[in-house]
Amino acid sequence: MDQNTTNGDLELQISSTPQTAYRISEQDLHDIWTWNATVPEAVDACVHDLIAERTAQQPDAPAICAWDGDLTYHELDELSTRLAHQLVGLGVGPNVIVPLCFEKSMWTAVAMLAVMKAGGASVAMDSSQPEERLRSIVQQVEAELVLSSAANQAMSKTLMAGNVIIVCRENFDNVDNEKNILPLPPTAKPLDLLYVVFTSGSTGTPKGAMISHSNICSAIKHQQVSLGFMSTSRVFDFVSYAFDISWSNILHTFTCGGCLCIPSEHDRHEDIQGAMQRLRVNYAHLTPTVTRMLSAQDIACLVTLAFIGEPVTTSDVAQYHSSEAHMLNTYGPAECTPVSTLATIVSTGQSNLSIGNAYGANAWIVNPIDLDQLLPCGCVGELLLEGPIVGKGYFQDLEKTAQAFIEDPPWLLRGRAGNTGRRGRLYRTGDMVRYNYDGSLTFIGRKDAQA
């Protein structure tokens, strides 16, 4: 297929060409199986253990710099351990889901880490969303307690009849320090649930995507360096807690030894550039919609700018032509950890920039109406992801899980000459992409938006 074919032409072909017209050459098969020859290694670990290793290496390094306070790695560890003891006493353990109801605050990270240490899982909620949606989430996960900020205490108590635990400095000061600072015995296992994130869903019905410790630890292993996270990173905690990229920023930061920089809700909405300067941010994950409000001078502090959540155009890149920031285009469905593919952005003059290559996963492209048909380079089809970042499925929805997470497609079992077939579990993203001739991917759009 001609690489100069327009996206519109490609979309027309994928929707109207008969299945028999899709033919894949031996060279295409060779290339595709070369790119996907082996499955990335899974990491058999728990996230809080990786954070503990980093804490032991740099206890006095800054872990959090927030509008409402600062914490070193040692302080973060001690506070979260004390809260974890309390949570264990309240019945939190493996696969028990604890909703978190916080505005942007240093206490959110303390709560997240405490739930991990107790062996439980979290669902982080954006307290600015309608109460009815928050109540629906709390009910769906059958929560018996909620962790809340002091500011959200009244609202949290309307969400459920169970315990509402307020996480704030005053409550820690009133707890016996001695008996609650000892490490807890390990309870969570790598395949246990780490968090649930509720997506809106194409039908408007929220779906709870489940991600395990092993999923995130595998993402950390395969993505952290390429994403540009390092011990000197000061990461902007800008993204709403309702979106999974907030988990990525927090967990990458604490496992690489960086500092999480948390703005107030006011500054998130009214003074992004000022907040970045005051917090000395040098790393940010932002949507193109947000970056369009910021000039090259506004992001002068950034070493790395990673785009997420929306297609990036060349005009988005061009506005920062004078910036020295390393720019990344990242893509990822919530069902497969926050990031699945990434590309270093180099302006090419094309209308759609590459979303790069898969990290921690293999990327396969199939005919969306015949999943047993691999598609050749340049042809638009549905993206399937295979590997250790593929999540556990949808919370309490076996039917939707079975539809979206497929096992052992025939072409994977068959393999090809020179490539032994294998079993596998893959996620159907519902996103239409095409292979470029170097193996990278170009995003076209959602399957349900095609003609």
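Readers should treat all values here as calculations from the given coordinates under stated rules, not as data from a laboratory. Computed from a predicted structure; not experimentally measured. Because the Cβ atoms are built from the backbone with ideal geometry, glycine has one as well, and the counts that use them run over all protein chains shown.
Please report the Cα spread of the stretch 236-367 along all three principal axes, rounded to whole Å, starting with the longest.
The Cα atoms of the stretch 236-367 stretch 48, 33, 24 Å along the principal axes, largest first.
Within 11 Å, Cβ to Cβ, of GLN373, how many net charges do the neighbouring residues add up to if Lys/Arg are +1 and Asp/Glu are -1?
So the environment of GLN373 carries a net charge of -2.
At 25 °C and 0.890 mPa s, what whole-number value in µm²/s does Stokes-Einstein give for the translational diffusion of the chain, with Rh from the Kirkwood sum over Cα pairs?
108 µm²/s
May I ask for the distance between the Cα centers of the stretch 181-199 and the stretch 23-60, given as a whole number of Å?
The stretch 181-199 and the stretch 23-60 have Cα centres spaced 20 Å from each other.
Can you classify the stretch 46-91 as rounded, prolate or oblate using the Cα gyration tensor, where a ≥ b ≥ c are the square roots of its eigenvalues, rounded means a/c under 1.5, and otherwise it's prolate if a/b beats b/c and oblate if not?
In terms of gyration-tensor shape, oblate.
I need the GluC sites (Glu not before Pro) found in the stretch 176-270, filtered to DSSP loop residues with at most 14 other beta carbons within 10 Å of theirs.
Those satisfying the criteria are GLU178.
Using alpha carbon coordinates only, what is the Rg to Rh ratio of the stretch 338-451, with Rh defined as the Kirkwood radius?
0.97
Between the stretch 369-440 and the stretch 112-126, how far is it from one alpha carbon centroid to the other, in angstrom?
30 Å
Can you tell me the relative contact order of the chain? Whole percent, Cα pairs under 8 Å, sequence separation 6 or more.
Once divided by the residue count of the chain, the mean separation gives 16 percent.
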